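The values are calculated or read from the model by the stated rules, or taken from the named source; none is laboratory data. Remember, predicted model here, so these are calculated numbers, not experimental data. Quick reminder, even Gly has a Cβ in these numbers, built from the backbone with ideal geometry, and neighbours come from all protein chains shown. Side chains are part of the model used for accessible areas, which takes the heavy atoms of the whole protein and leaves out ligands, DNA and RNA. Shrake-Rupley method; radii C 1.70, N 1.55, O 1.52, S 1.80 Å.
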Amino acid sequence: MGIQENYTAIKDQLPAGVQLVAVSKTHPVEAVQEVYDLGQKVFGENKVQELMEKYPLLPKDIEWHLIGHLQTNKVKYIAPFIDTIQSVDSEKLLAEISKEAGKNDRTIKVLLQVKIAAEESKFGLEIDEAKTLFQKYIDGEFSHVEITGLMGMATFTEDKDQVKEEFLILKGLFDELNQLKTLKTLSMGMSDDFPAAIECGANSVRVGSAIFGRRDYSK
Ligand SMILES: *Cc1c(COP(=O)(O)O)cnc(C)c1O
């Protein structure tokens with residue numbers, strides 16, 4: 001199937017009210033433009049450098065989401081235009097985003113990335129760290145960011161029960177923090193597990209290969 005068929009098939013599977021972030025990493029601007037022309041406005045990239053190369057070549061009303069690990073020294077490059085940073089995994093990073101957003105007279109939306117996977121390698125805050133950070137935010141720190149929700153990645157496994165268990169942990173935290181201050185976005189689910197994520201309460205999914213095809217990292 002081509003990009004257009006893929007995109008339409010994914011859109012058809014998403015219930016109303018579930019946001020699609022089209023993950024365009026490694027794919028050329030022509031492919032992004034093709035999906036944009038089908039009506040998609042929200043795109044995700046995981047590397048600052050790649051985003052900086054694509055940004056000037058694509059329509060200015062795209063809402064760019066940064067979904068990969070972000071080094072504090074690179075925040076300044078994307079602060080002028082980034083819509084949402086989904087991958088906030090430390091207090092230091094959140095403070096830097098707030099500082100750079102302030103310099104640009106902006107408020108940047110962010111999601112706290114929480115570690116829910118059993119795997120060692122995944123970035124993210126521990127549950128307790130996320131709670132502490134959210135409380136500081138409620139208390140008035142980080143004045144130029146808006147924490148709009150949470151993001152998480154499940155373990156890469158065939159075991160559907162484990163994946164759902166992990167998603168439900170994040171949903172539980174989302175509900176708990178939402179009592180303290182209203183949150184909008186629960187970002188979980190990728191090409192292979194987005195239906196399970198939606199069952200577990202996700203209202204935003206990050207889908208790459210199911211739209212754009214397999215990624216070729218050799219180029
Ligand atoms: C690459 C990536 C995705 C999309 O993955 P697919 O399996 O291609 O859908 C989603 N979220 C994050 C954080 C990613 O890095």
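I'm a student and want to see the number: the projected area of the Cα convex hull of the range 56-102, averaged over all directions, in nm².
Averaged projected hull area, Cα only: 3.3 nm².
Which residue, Glu120, Glu96, Glu199, tops the fluctuation ranking in a GNM of the chain built on C-alpha contacts under 10 Å?
So, out of Glu120, Glu96, Glu199, the one fluctuating most is Glu120.
Give me the tail of P(r) for the chain as a percent: Cα-Cα pairs with distance above 32 Å.
Every Cα pair in the chain considered, those over 32 Å come to 14 percent.
Hey, quick one: spin label on Asp159, modelled 7 Å out along Cα-Cβ, who in the range 199-213 has an amide N within reach, i.e. under 12 Å?
Counting backbone N atoms under 12 Å from the label point, the list is empty.
Normalise the Debye intensity by I(0) for the range 1-120, one equal point scatterer per Cα, no solvent, then take log10 at q = 0.19, 0.22 Å⁻¹ and round to two decimals.
Values, matching the q order: -1.07, -1.27.
State the Kirkwood hydrodynamic radius of the range 157-219 in Å, one decimal place, computed from all pairs of distinct Cα atoms.
12.9
Which residue, Thr185, Thr157, Thr26, tops the fluctuation ranking in a GNM of the chain built on C-alpha contacts under 10 Å?
It is Thr157.
Using helices alone, what [θ] at 222 nm do you get for the chain, with -39,500 (n - 2.57) per DSSP H run of 4 or more residues, divided over all residues and rounded to the nearest 500?
-11500 deg cm²/dmol
Given a 1.4 Å probe and heavy atoms of the protein chains only, how would you sort Met151, Met190, largest accessible area at the top?
Met190, Met151
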